[in-house]
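Shown next, in structure tokens, is the structure this report addresses.
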Amino acid sequence: MKKQVYVFTGGGSGLALAPRIVDNGSITIISSAGGFGWEQSYALCKQVIACRTYEETIQWYEQHPETYAGQAYPFAKKCLNAYVKSQVFNPLFIDRRIRINAICPGNTKTGLTDDFNRSTSRTGDPEEGKKIIEQIFLARWNGRWASAEEMGWPMVALGSQLGSYISGQVIYIDYGITSAWLTDGLEAAIKR
């Protein structure tokens, strides 16, 4: 099976795009519900965000394999979420009133779904991967996969004047599963 590595590259390449964005413009990053709980990984994400080049980021990953072992995809998405939160008042953005947000899709059918399912399976079997994903994200609420359009509409709204005062937000578009995970954790903490 071909090994997939998901790498979030730090601020270098992302910030290089700032001059291309119009004043009062918007950046909307596609992250994932898989990046849920990014706050617990913030210190490590901050190290990745500090990398200035792709090569420097790869070197960081090579020096910290324990950080993302078996969790490369969620760790990269956590880094994206941390990036949005940490860059909201970066002078390159705020001085020109460029807003930055992320959407975090839940299960979404796209042209990459089979590849994603394969990468989730230990054996590379897309059906096995699909069952694992559905157990995590859909079983609890007898849910369904979203369409790509259901992610596109909120993304367009965030980037338009409809979202003109929204910045620094990580918005989960997952029919509430991450809200349930959060309240589950809070309920468990209350019971301790």
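So here's what we get for this one:
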| quantity | calculated |
| --- | --- |
| Extreme residue, farthest from VAL170 (Cα to Cα), among residues of region 105-143 that are without any contact (Cβ under 8 Å) to a residue 24 or more places away in the chain and assigned to a loop (DSSP other than H, G, I, E, B) | ASP125 |
| Cross-chain or 6+ apart pairs with Cβ under 8 Å, region 33-44 first and without any contact (Cβ under 8 Å) to a residue 40 or more places away in the chain and among the hydrophobic types (A, V, I, L, M, F, W, C), then in a helix (DSSP H, G or I) and surrounded by 14 or more Cβ atoms within 10 Å (Cβ to Cβ) | LEU44/THR67; LEU44/PHE75 |
| Residue list for region 158-179, restricted to those being surrounded by 13 or more Cβ atoms within 10 Å (Cβ to Cβ), within 18 Å of the chain's Cα centre (by Cα) and over 18 Å from SER86 (Cα atoms) | LEU158, GLY159, ILE173, ASP174, TYR175, GLY176, ILE177, THR178 |
| Count of region 19-29 residues which are assigned to a loop (DSSP other than H, G, I, E, B) and buried (at least 17 other Cβ atoms within 10 Å of the Cβ) | 0 |
| Boolean, ARG144 is in contact with a Leu (Cβ under 8 Å, 6 or more places away or on another chain), surrounded by fewer than 14 Cβ atoms within 10 Å (Cβ to Cβ) and more than 15 Å from THR28 (Cβ to Cβ) | yes |
| Residues of region 30-59 that turn out to be within 25 Å of LEU182 (Cα to Cα), in contact with a helix residue (DSSP H, G or I) (Cβ under 9 Å, 6 or more places away or on another chain) and surrounded by fewer than 20 Cβ atoms within 10 Å (Cβ to Cβ), as a count | 7 |
| Test: residue in region 72-93 that is at pLDDT below 95, hydroxyl-bearing (Ser, Thr, Tyr) and either under 30 Å from ALA157 (Cα atoms) or not in a strand (DSSP E or B) (or both) | yes |
| First in region 163-192 and closer than 16 Å to GLU150 by Cβ and part of a loop (DSSP other than H, G, I, E, B), second anywhere and charged (D, E, K, R) and at pLDDT 95 or above, Cβ under 9 Å, 6 or more apart | TYR175/ARG144 |
| Region 5-17, subset among the aliphatic types (A, V, I, L, M) and either out of contact with any Phe, Trp or Tyr (no Cβ under 9 Å at 6 or more places or on another chain) or loosely packed, with under 15 Cβ neighbours inside 10 Å (or both), residue modelled with the highest pLDDT | LEU17 |
| Restricting region 82-118 to residues that are touching a helix residue (DSSP H, G or I) at 6+ places or on another chain (Cβ under 7 Å) and of a type in the set (S, T, N, Q), the residue that is farthest from THR28 (Cα to Cα) | ASN117 |
| Counted residues, region 144-155 - those being part of a helix (DSSP H, G or I) and of a type outside the set (D, E, K, R) | 6 |
| Test: residue in region 29-50 that is over 17 Å from the mean Cα position of the chain (by Cα) and either within 20 Å of ARG99 (Cβ to Cβ) or not acidic (Asp, Glu) (or both) | yes |
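The values are calculated or read from the model by the stated rules, or taken from the named source; none is laboratory data. Quick caveat, the model's predicted, so the values are computed rather than measured. Glycine also receives a Cβ, built like all others from the backbone with ideal geometry; neighbour counts cover every protein chain displayed.
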